[in-house]
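Following: one structure in structure tokens, then a few remarks.
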Ligand SMILES: [Fe+2]
Ligand SMILES: [Fe+2]
């Protein structure tokens with residue numbers, strides 16, 4: 001653990017156990033990166049990027065299964081983060097060996113706000129429509145038949 005490592009706290013809990021488990025893995029990877037010498041971060045960073053692609057895809061799959069349109073604002077936020085993370089990999093390989101640490105620190109700052117707003121909003125939505133995130137099924141598929149949401153549910157897009 002380094003002094004700037006991230007800790008799991010109850011305020012990060014979204015109310016969905018599977019989402020929280022993925023978030024814990026996300027935090028563990030940030031901490032691993034921050035504890036690793038900068039010239040040895042590339043493999044870990046690539047693993048972190050793959051994990052984050054899967055993390056965001058999981059949430060977006062759940063959104064689509066519960067009535068969100070594909071271009072909703074939560075998914076747009078994810079896409080912006082992934083674009084930045086890919087650019088960081090390129091800059092690291094090019095010349096900037098400090099950039100992965102800066103990205104990990106920036107994500108550690110970004111994550112609590114995202115978890116508390118968009119992710120917690122999604123978790124509340126999943127519960128309200130009876131979606132089970134473990135089996136990825138709806139208790140009653142007719143509940144969302146005619147619902148299409150382009151925003152973030154109860155959470156405003158900023
Ligand atoms: Fe998330
Ligand atoms: Fe998210």
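The values are calculated or read from the model by the stated rules, or taken from the named source; none is laboratory data. Nothing here was measured: the structure is a model prediction, and the numbers come from that model. Glycine also receives a Cβ, built like all others from the backbone with ideal geometry; neighbour counts cover every protein chain displayed.
Does at least one position in region 134-147 carry a residue that is within 14 Å of ligand 1 (Cβ to nearest atom) and surrounded by 14 or more Cβ atoms within 10 Å (Cβ to Cβ)?
no
Residue under question is residue 96, and the condition is that it be surrounded by fewer than 18 Cβ atoms within 10 Å (Cβ to Cβ), over 13 Å from the mean Cα position of the chain (by Cα) and more than 25 Å from residue 44 (Cα to Cα); does it hold?
Taking the combined requirement at face value, the residue does not satisfy it.
May I ask you to list pairs of residues, at least six apart or on different chains, whose Cβ atoms are under 7 Å apart, with the first in region 114-142 being in contact (Cβ under 8 Å) with a residue 40 or more places away in the chain and the second being away from ligand 2 (no atom under 16 Å from the Cβ) and part of a loop (DSSP other than H, G, I, E, B)?
Correct list of pairs: 138/129; 138/130.
Just give me the residues in region 77-88 being out of contact with any helix residue (DSSP H, G or I) (no Cβ under 6 Å at 6 or more places or on another chain) and in contact (Cβ under 8 Å) with a residue 24 or more places away in the chain, in sequence order.
Answer for region 77-88, where residues must be out of contact with any helix residue (DSSP H, G or I) (no Cβ under 6 Å at 6 or more places or on another chain) and in contact (Cβ under 8 Å) with a residue 24 or more places away in the chain: 77, 81, 82, 86.
So in region 67-92, with the set limited to residues that are away from ligand 1 (no atom under 16 Å from the Cβ) and outside any helix (DSSP H, G or I), which one is modelled with the highest pLDDT?
Applying the filter and picking the extreme gives 67.
Return the total of residues in region 12-50 being touching a residue at least 60 places away in the same chain (Cβ under 8 Å), farther than 20 Å from residue 95 by Cα and assigned to a helix (DSSP H, G or I).
Adding up the residues that qualify gives 8.
Can you say whether residue 66 is surrounded by 13 or more Cβ atoms within 10 Å (Cβ to Cβ), in contact (Cβ under 8 Å) with a residue 60 or more places away in the chain and in contact with a strand residue (DSSP E or B) (Cβ under 9 Å, 6 or more places away or on another chain), as far as the supplied structure shows?
yes
If you take the residues in region 115-135 that are touching a strand residue (DSSP E or B) at 6+ places or on another chain (Cβ under 7 Å) and closer than 14 Å to residue 60 by Cα, which one is farthest from ligand 2 (Cβ to nearest atom)?
Applying the filter and picking the extreme gives 131.
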